[in-house]
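Please treat every number below as a calculation from the coordinates, not as lab data. Everything quoted here is computed from the prediction, not taken from an experiment. Here the Cβ is made from the backbone with ideal geometry for all residues, glycine too, and neighbour counts use every protein chain on show.
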């Protein structure tokens, strides 16, 4: 690793990790607040829609983005033996901070403007735009550090992750343009929203985490390469698959199904070989494979309509973002900086599994005779369980005197 003149700078990697984990903690609490709001039927102090927007944007902006940026920075340094600019950590910090700045306006106003006397400002979209600009700056730094480096498979996956992060941001910009122009067409508004959501989760998140996983493998194998290109080619078309069937033109049904099938098979081809080699990664990989099976089902129109009718969209997103995304981030952090940076990971795995199982009674497959208020109470308490575990982990990281380990460990023992 490059020698640093200041091994523990003012804005250290540990501080950034604690900051992004705090973003996950508040996002989780906001999810529990959303459950409580639905359960209590309290006066309209906060809109459930606004709470949901605040929850999802904080999860993306202050958790997934800075945590993965931090891991990518460390992985690129390990691969290339080249140092990033000294102010890179401040760019990552900006994503954490700007993510938190979007939280109050999303919570109070959603995408709408906040009023200051006669002045009305759409604060949430403004801060979101600044956050995206910070993404671009980190991507520019990534390209600067890796531009002359020979591309390993892991670096190629990181290249694709950066590419799809930029593409996903076009959906966010497009949504802002439509709001500015007061365009209400359901196809275009849905297309912009799902362009951001699908390319961010299935593109940026999956490629980035699998790049970190594959860096731990001695020989990834040819199926990983085949799966990579199937996923990359299918992703733009799979955006159409996520659109409501009521707004998707009939002529686009086949491209949507083909794109979804390519994504599902590509993900499976990338994840399955790693299952046998990367033991610490098996839990997040299991959730990724479940996501692939669900997406393959969505390519069949009757199955997709059945899943939509029975409310499987929320479990699907939580399987991807919590089961694979969050547990994958924690696994990667533990692989690179040790248990001191992710204490309580086994407890978090159990908590997230309980949360995902608690979503099943909220779907249409649960017998109505066995339903009732208890299903919402169970979902609320499962959310709070994960929040409590995350709070304990965060507190341990903040108060622990363990020093930073700058050199990540070698490949796992097989």
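Sort 105-113, 355-363, 20-28 for me by packing, meaning the mean count of neighbouring Cβ atoms within 10 Å per residue, highest on top. Please report the intermediate quantities before stating the final value.
Numbers: 105-113: 19.3, 355-363: 17.6, 20-28: 23.9.
By packing density, highest mean first, the sequence is 20-28, 105-113, 355-363.
Determine the distance separating the Cα centre of region 290-319 from the Cα centre of region 328-392; give it in Å without decimals. Spelled out, the Cα-based centre of one part sits 20 Å from the other.
Applying 1/(1 + (r/R0)^6) with R0 = 30 Å to the Cβ-Cβ distance of residue 151 and residue 276, what FRET efficiency is obtained, to the nearest 0.05? Walk me through the intermediate numbers first.
Values: r = 25 Å, r/R0 = 0.84.
For residue 151 and residue 276, the calculated efficiency is 0.75.
For a quick protection proxy, order the peptides 279-289, 135-145, 181-191, 304-314 by their average other-Cβ count within 10 Å, most packed first. Write down the numbers at each step before the final one.
Working: 279-289: 20.3, 135-145: 16.9, 181-191: 12.8, 304-314: 15.3.
Highest mean packing first, the order is 279-289, 135-145, 304-314, 181-191.
Counting 0.36 nm for each residue step from residue 173 to residue 286 and taking away their Cα separation leaves a gain of 37.3 nm. Relative contact order for region 44-149: 35 percent, from Cα pairs under 8 Å spaced at least 6 residues apart, divided by residue count.
Can you give me the Cα centroid spacing of region 11-89 and region 152-198 in angstrom? About 19 Å separates the Cα centre of region 11-89 from the one of region 152-198. Between the entries [x] 140; [y] 153; [z] 204, the label attached to volume of the Cα convex hull per residue in Å³ calculated for this structure is [y].
Packing, as the average of other Cβ atoms within 10 Å across residues, places the peptides 164-176, 207-219 in the order 207-219, 164-176, highest first.
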